Amino acid sequence: MREIKIGEKLYKIHYGQNAICSLEDELNEGIAEIYTRFTEQRIHMKDIRALIWAGMLKDNRDITPEALGDLCDAAGVRFSDLLGDCIEELNQSFSRMIPDVDNNDEKSKKK
């Protein structure tokens, strides 16, 4: 779990299954499409805001995307300043959620 700094406060970000579902709901797309757009840099401000917001939800259930935007505006923080940490955390979450294909192939050969 990583932390991002907005103003003087640190916020934990985490992309578990609930965060991924919230992100999909907010952007009205599946995670594969969202992930592809981020890796191909075909994103909008609302996409970045939604990614940050979804990662913050575990410890900040009441925050809305708009409240996050207001928080960043008040602190003088750009969404793009937080994007790198969020992408890295999302990548780590994917590697925890998706089993290692090569490792599974070796296990099935041993059976």
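Scan the stretch 21-43 for residues that are in a helix (DSSP H, G or I), at pLDDT below 95 and small (Gly, Ala, Ser) and jot them down. Scanning the stretch 21-43 gives a single hit, ALA32.
Here the condition is being within 15 Å of the chain's Cα centre (by Cα), under 24 Å from GLU8 (Cβ atoms) and among the basic types (Lys, Arg); of ARG37, ARG78, ARG49, it holds for ARG49 alone. Considering (1) at pLDDT below 95; (2) surrounded by 11 or more Cβ atoms within 10 Å (Cβ to Cβ), the lone condition that VAL101 does not fulfil carries the number (2).
Of the numbered criteria (1) farther than 20 Å from ARG78 by Cβ; (2) of a type outside the set (Asp, Glu); (3) touching a Leu at 6+ places or on another chain (Cβ under 9 Å), the one CYS21 fails is (3).
Here the stretch 72-91 is the region considered, the condition is being without any contact (Cβ under 8 Å) to a residue 60 or more places away in the chain and in a helix (DSSP H, G or I), and the residue that is surrounded by the most Cβ atoms within 10 Å (Cβ to Cβ) is PHE79. Among residues of the stretch 44-71 that are surrounded by fewer than 18 Cβ atoms within 10 Å (Cβ to Cβ) and part of a helix (DSSP H, G or I), those with a beta-carbon under 7 Å from a residue that is modelled with pLDDT of 95 or more and of a type outside the set (A, V, I, L, M, F, W, C) at least six positions away or on a different chain give the pairs PRO65/GLU26; PRO65/ARG49; GLY69/ARG49. ALA32 falls short on exactly one of the conditions (1) under 18 Å from GLU89 (Cα atoms); (2) among the hydrophobic types (A, V, I, L, M, F, W, C); (3) surrounded by 11 or more Cβ atoms within 10 Å (Cβ to Cβ), and that condition is (3).
The values are calculated or read from the model by the stated rules, or taken from the named source; none is laboratory data. Here the structure is a predicted model, which means the values were calculated and not measured. Cβ: placed from backbone, ideal geometry, glycine included. Neighbour counts: every protein chain shown.
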